[in-house]
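Visitor: Shown below is the structure under consideration.
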Amino acid sequence: MLTDLFSPSVQYTLDIAGIFVFAISGALLAVRKNFDVFGMAVLAEVTALGGGLFRDVMIGDVPPTAFTDLGYFLTPLFATVLVFFLHPEVERITRAVNVFDAAGLGLFCVTGTTKAHDYGLGLTASAALGLATAVGGGVLRDVLAHEVPSLLRWDRDLYAVPAMVGSIMAAVLLRFDSLNGLTSGFAVATAFVLRLLAMHFGWRAPRAWHRRSAAVEEV
Amino acid sequence: MLTDLFSPSVQYTLDIAGIFVFAISGALLAVRKNFDVFGMAVLAEVTALGGGLFRDVMIGDVPPTAFTDLGYFLTPLFATVLVFFLHPEVERITRAVNVFDAAGLGLFCVTGTTKAHDYGLGLTASAALGLATAVGGGVLRDVLAHEVPSLLRWDRDLYAVPAMVGSIMAAVLLRFDSLNGLTSGFAVATAFVLRLLAMHFGWRAPRAWHRRSAAVEEV
Amino acid sequence: MLTDLFSPSVQYTLDIAGIFVFAISGALLAVRKNFDVFGMAVLAEVTALGGGLFRDVMIGDVPPTAFTDLGYFLTPLFATVLVFFLHPEVERITRAVNVFDAAGLGLFCVTGTTKAHDYGLGLTASAALGLATAVGGGVLRDVLAHEVPSLLRWDRDLYAVPAMVGSIMAAVLLRFDSLNGLTSGFAVATAFVLRLLAMHFGWRAPRAWHRRSAAVEEV
């Protein structure tokens, strides 16, 4: 039996909300890249569902939920329509979108870790897949949009670390058989707050030491 | 039992023909990018088989047909050899290649939808995977060649829409249990003709409304 | 029963060594691209495990070994730490890294071919997957780092050909039921030496004939 962290309807609502905000970020990037409405829909779908697709293929849960639950597929299309007609208004609330994106990040790293563990993976591998679930869609979005993945860039606020913390907390809770609605909610909240703090204070991760000795300084 | 839209030998011949023209487009892009003969072969294989590989992995049909049927693997290599020796001649008949590419697009969106449905996916998901089968190889081609996927670009003639129409027609026919050689041929032909019309009249898809208010105008 | 080319502990040590040097090449590229330490870890993991992940998903061996064996996952992290602190020193021994990379290339093309054949694929498909195992991680690395895949570029020394020769040798040996520790070691060594020779003599692969007649000369 799969782990139900929250009641099914709560879990489903949270999933759809996370998918929605990830899709918004994909559609907004498509507008910035001057893509047409179909490019917007593709980037919205890929950003919202890419991480979960990767996880499901890796653990052998095929066809992935994204293809069996209609809500998962239609939500990004709804986000596309919204951005298509209300693009300036959505841009104006980028800050709010970022807050929701942080919430989606926190949610998906914990549920991704839990699902991977349900399918028999070890704790470390589960945490790694939870991280991949949370950040994979954004990486695919950037690759398809022909951008350097913002996850990898030095000059972007920390994104992987909050998800990593959430995934590891979920794995530790699983280790001690104490993952439930309350504790997993705490892991989600920790990742969420860490991401908000990283954005607010502009936290960066370090680059390799002695970089100055390298032949190429700036790229 | 899997749906046989056409007699097996007709179906197989059509598949190989579609793979061949997709491979030609991959090999031609490799020449334009100044890649060597192995880069040509990689792009030819990826363009021709990428969409089907994605579909097969998603529905759990592994190893994918591309790895079990030798003809699927060898056809792109044959296309590579052809482009390698006769590149200027192939370039000169780009218009003819585009017509065949449109035929491949029409064929693969319908057969992709049908195969996904055979593996138990719902109608919407099947149509989405049919679309992905038809356009996925081209997206992978552009990502590997380090280009903005032409599928997403505003300044290219409609490519996704014809495939989308073909996929949806196939899904509707499946819904009413009336998919057969004749009706699916009609769906293929509709997608094919729509693509030809899009190329002939330079049809474009709209971009987000009020784009001018965005900070970045041109990318 | 799966084919054991070498004794399990020898095989495992070789696998980890190959993963380690591939991870070094990923982490070094991340430093050159000015990525932060998490970008380094992502590129190291992707370069080291990407080819094997692709192969395992294609043959249906999920979850892939990379997620079930902790050593596979931790080795790239160790390589990341090393490059992070000792980057200039690692850069200085690039030549040594390239030699180990050539060894990893030779090893993975042979073990990849063997594993694909163990899972029931034909000889040609097995050789193709063996090649993909050996070069797939490097292609993913370049795509994520927003570079033209060096595998495809004309102006890089031969990389695919040595792996191709190793894969084909392994497939031929499988065909004649004569693949064992000795013969597969010979296939590994052949690919390894060919790659070293390609680097030493700057071997290139040809581009399409009559390229000058193409509209675009340099990209």
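Visitor: Please build a GNM for chain C, connecting alpha carbons under 10 Å apart, and tell me which residue among C:D101, C:D157, C:D36 fluctuates the most.
Guide: It is C:D36.
Visitor: Here's another thing I want to ask about it. Need the list of aspartates and glutamates near C:K115 for cross-linking: C-alpha distance under 17 angstrom, and skip anything on the same chain fewer than eight residues off.
Guide: C:D4, C:D15, C:D56, C:D61, C:D69, C:D177
Visitor: Sticking with this one: If you put a point 7 Å past Cα along the Cβ direction, how far is that point for B:T124 from the same point in each other copy, in nm, smallest first?
Guide: Values, ascending and in nm: 4.1, 4.1.
Visitor: Where the Cα atoms of region C:35-132 are projected onto their three principal axes, how long is each span, largest first, in whole Å?
Guide: 45, 27, 20
Visitor: Can you give the average number of partner chain beta-carbon atoms within 10 Å of each beta-carbon in peptide C:81-89, as a whole number?
Guide: Partner-chain Cβ atoms within 10 Å, mean over residues of C:81-89: 3.
Visitor: Using the Kirkwood formula on the Cα atoms of chain B, what hydrodynamic radius do you get, in angstrom to one decimal?
Guide: For chain B, inverting the mean 1/r across all distinct Cα pairs yields 17.7 Å.
Visitor: Evaluate the charge dipole of chain C about its Cα centre and quote only its size in Debye, nearest 20, assuming +1 on the Cβ of each Lys and Arg and -1 on the Cβ of each Asp and Glu.
Guide: Result for chain C is approximately 660 debye, rounded to the nearest 20.
Visitor: Calculate the mean, over all residues of peptide A:64-75, of how many other protein chain Cβ atoms lie within 10 angstrom of the residue's Cβ.
Guide: Shielding by partners across A:64-75 averages 3.
Visitor: For chain A, modelled as a Gaussian network with Cα springs under 10 Å, which listed residue fluctuates most, A:L43, A:L144, A:L152?
Guide: Of A:L43, A:L144, A:L152, the most mobile in the Gaussian network model is A:L152.
Visitor: Right, something else. Using a Gaussian network model on chain C with a 10 Å cutoff between Cα atoms, which of C:G137, C:G185, C:G26 fluctuates the most?
Guide: C:G185
Visitor: Under a cut-off of 20 Å between alpha-carbon atoms, report the lysines in cross-link reach of A:K33, not counting same-chain residues fewer than 8 places apart.
Guide: Qualifying lysines at Cα under 20 Å: none.
Visitor: Now for a different question. Report the B-A buried area as the accessible area lost on both sides summed, probe 1.4 Å, in Å² to the nearest 100.
Guide: 2800 Å²
Visitor: Write down the accessible area per residue of the protein assembly as shown in Å², having rolled a 1.4 Å probe over the full set of protein chains.
Guide: Here the per-residue accessible area is 42 Å².
Visitor: Per the 1.4 Å probe, what fraction of the accessible area of region C:8-204, in percent, lies on carbon and sulfur atoms?
Guide: The computed percentage sits at 70.
Visitor: With n ≥ 4 as the cut-off for DSSP H runs, can you work out [θ] at 222 nm for chain A, using -39500 (n - 2.57) per run divided by the number of residues, rounded to the nearest 500?
Guide: -25000 deg cm²/dmol
Visitor: At 7 angstrom along the Cα-to-beta-carbon line, where would the label on C:L182 sit relative to the other copies? Give the distances in nm, shortest first.
Guide: Nearest to farthest, the other copies are at 6.7, 6.8 nm.
Visitor: Once phi is turned into θ = phi - 60°, what whole-Hz ³J(HN,Hα) does the Karplus curve with 6.51, -1.76 and 1.60 give for every residue of region B:45-62, x standing for Gly and Pro?
Guide: 4, 5, 5, 6, 10, x, x, x, 4, 4, 4, 5, 5, 5, 8, x, 8, 10
Visitor: What percentages make up the Cα-Cα pair-distance distribution of the protein assembly as shown when the bins are 10 Å wide from 0?
Guide: 3, 15, 26, 28, 20, 7, 1
Visitor: If you project the alpha carbons of region A:101-219 onto the principal axes, what extent comes out on each, in Å, largest first?
Guide: So the three principal-axis extents are 50, 29, 29 Å.
Visitor: Return the loop-located GluC sites (Glu not before Pro) in region A:112-219 (DSSP other than H, G, I, E, B) with at most 12 other Cβ atoms within 10 Å of their own Cβ; answer none if there are none.
Guide: Here the GluC sites (Glu not before Pro) that fit, given the DSSP loop and packing criteria, are A:E217, A:E218.
Visitor: Find the relative contact order for chain C and round it to a whole percent, using C-alpha pairs within less than 8 Å whose residues are 6+ positions apart.
Guide: It comes to 23 percent, rounded to a whole number.
The values are calculated or read from the model by the stated rules, or taken from the named source; none is laboratory data. A quick note: this is a predicted structure, and the numbers were derived from the prediction, not measured. Heads up, the Cβs are rebuilt from the backbone with ideal geometry, glycines too, and the neighbour counts pull from every protein chain shown. Keep in mind that these areas ignore ligands, DNA and RNA; they rest on the heavy atoms of the full protein, side chains included. Shrake-Rupley method; radii C 1.70, N 1.55, O 1.52, S 1.80 Å.
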